[in-house]
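First up is the structure itself, then whatever we jot down about it.
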Amino acid sequence: LARRQRQSGFLLPQMGSRSRKGFTIGQAFYWAPAEWMDMTFGAEYLSRRGVAQNVELRARPWENMRLSSTYFAVNDRGLRGPGGARVPQAGHQSNVSLDAYLPGGWRAVADINQLTSLKFRLAFAETFTEAVNSEVRSSAFVTNNFRGFSLNFSASNYKNFLSAGSATTPETAVVLRAAPSARLSSVEQAPWKRWPIYFGFHTSAEALYRSEPGLTTPSAVQRFEVAPRVTIPLRWGPWLGVMPTFTVRSTQYGAQLAGGTLVSQSLRRTTGELTVDVRLPSLARVWQNGDTKWKHAVEPLFVYRYVRGVNAFGRFLRFDEIDTL
């Protein structure tokens, strides 16, 4: 008979030896205060570096919510350099992940990552993939989809380390942040049942920030965008379908670049866009050999897109794909 209740207690100690860390010995404690939550606290002594701490949390308060968190830190003395001086690479990294379905059709998702420095990751990453990754991404949003509409509130932060720095030079990085951000969009909907004309739209309001060597924007650069569109599907018999979509996109920025210098003057960009989607007849054939069948299909698709109204591209601050239209 298996017992459902988990027991708290110390885990088996771990010992080893590594070239960069020296002799290592660690101990962890597993704590399960409730059936829907458990935690692991651990510490490890590194003879050549210092003391490392590790914490893991897993929780599921109710059926439609999952929460997990990790924290790893090292109080590093540093390895000795050519001159005998120690070069510490202390730091910490953490992650918080949340996925929850809320009342009223809302869903909340978060994936928040934090890293003190690239030097710390290079020194203490456990895998090659993690060691060569210079990016740190964090995002959180709540969303609700209803009657063909989608309402989203979000925040995101992206950091890409350009250099790890040294004892005399600081590390450099590109930081992109969108917080807060609100978006409302609609799928194509037909207001008239007898007419094959479909309308949709996309609108967003965001506070943006960018920092890189040589350029730092204010903490909140406003960007507001409205993009209504109309789609008219056309079909000539069962063989040919053409779907043109017309979009008018108006984007306003709270700041711009003038001669490579950031100035707090608003800038508006209005574009007209035409997209034509042509789908030709599909060709397919099925081969059979005993109980095995193979199907080979050819589905020709042609898409033409035309955009006009993007002028003075060098004046736009570039935060994401919207600005590189």
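Table for the structure above
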quantity: All positions within the range 210-225 that are assigned to a strand (DSSP E or B) and open to solvent by 60 Å² or more (accessible area, probe 1.4 Å); calculated: Thr216, Gln222, Phe224
quantity: Some residue of the range 279-289 being free of Cβ contacts under 8 Å to residues at least 40 places away in the same chain and either touching a helix residue (DSSP H, G or I) at 6+ places or on another chain (Cβ under 8 Å) or surrounded by 14 or more Cβ atoms within 10 Å (Cβ to Cβ) (or both); calculated: yes
quantity: Among the candidates Arg18, Arg49, residue that is farther than 30 Å from Arg177 by Cβ and open to solvent by 40 Å² or more (accessible area, probe 1.4 Å); calculated: Arg18
quantity: Residue tally, condition surrounded by 10 or more Cβ atoms within 10 Å (Cβ to Cβ), in contact (Cβ under 8 Å) with a residue 12 or more places away in the chain and of a type in the set (Gly, Ala, Ser), over the range 295-313; calculated: 1
quantity: Unmet criterion (only one of (1) surrounded by 15 or more Cβ atoms within 10 Å (Cβ to Cβ); (2) within 24 Å of Gly91 (Cβ to Cβ)) for Asp38; calculated: (2)
quantity: Strands (runs of 3 or more DSSP E) within the range 2-71 that include 2 or more residues within 28 Å of Ala100 (Cα to Cα); calculated: 22-34, 37-46, 50-59
quantity: Contacts under 9 angstrom Cβ, first residue in the range 239-263 being in contact (Cβ under 8 Å) with a residue 40 or more places away in the chain and more than 21 Å from Asp320 (Cβ to Cβ), partner assigned to a strand (DSSP E or B) and open to solvent by 30 Å² or more (accessible area, probe 1.4 Å), 6 or more apart; calculated: Leu240/Leu234; Leu240/Arg279
quantity: Inter-residue pairs, beta-carbon under 6 Å, first on the phi < 0 side of the Ramachandran plot and free of Cβ contacts under 8 Å to residues at least 24 places away in the same chain and in the range 140-167, second part of a strand (DSSP E or B) and open to solvent by less than 40 Å² (accessible area, probe 1.4 Å), 6+ apart; calculated: Asn157/Ser138; Tyr158/Leu176
quantity: Test result for Val51, in contact with a helix residue (DSSP H, G or I) (Cβ under 7 Å, 6 or more places away or on another chain) and among the hydrophobic types (A, V, I, L, M, F, W, C); calculated: no
quantity: Search result, residues across the range 215-261 that are of a type in the set (A, V, I, L, M) and farther than 14 Å from Phe319 by Cα; calculated: Val226, Ala227, Val230, Ile232, Leu234, Leu240, Val242, Met243, Val248, Ala258
quantity: Pairs, first free of Cβ contacts under 8 Å to residues at least 24 places away in the same chain in the range 180-203, second of a type in the set (Phe, Trp, Tyr), C-beta under 9 Å, six or more apart; calculated: Ala190/Tyr198; Ala190/Phe199; Pro191/Tyr198; Pro191/Phe199
quantity: Candidates Ala73, Ala59, Ala43, Ala85 - the one that is free of Cβ contacts under 8 Å to residues at least 24 places away in the same chain and surrounded by fewer than 13 Cβ atoms within 10 Å (Cβ to Cβ); calculated: Ala85
quantity: Boolean, Arg305 is at pLDDT 95 or above and either of a type outside the set (Gly, Ala, Ser) or touching a Leu at 6+ places or on another chain (Cβ under 6 Å) (or both); calculated: yes
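The values are calculated or read from the model by the stated rules, or taken from the named source; none is laboratory data. Bear in mind that the values here come from a model prediction, so they are computed numbers and not experimental data. Using ideal geometry, Cβ is built from the backbone for each residue, glycine included, and neighbour counts are taken over all protein chains shown. The accessibility values were calculated without ligands, DNA or RNA, using every heavy atom of the protein model including side chains. Shrake-Rupley method; radii C 1.70, N 1.55, O 1.52, S 1.80 Å.
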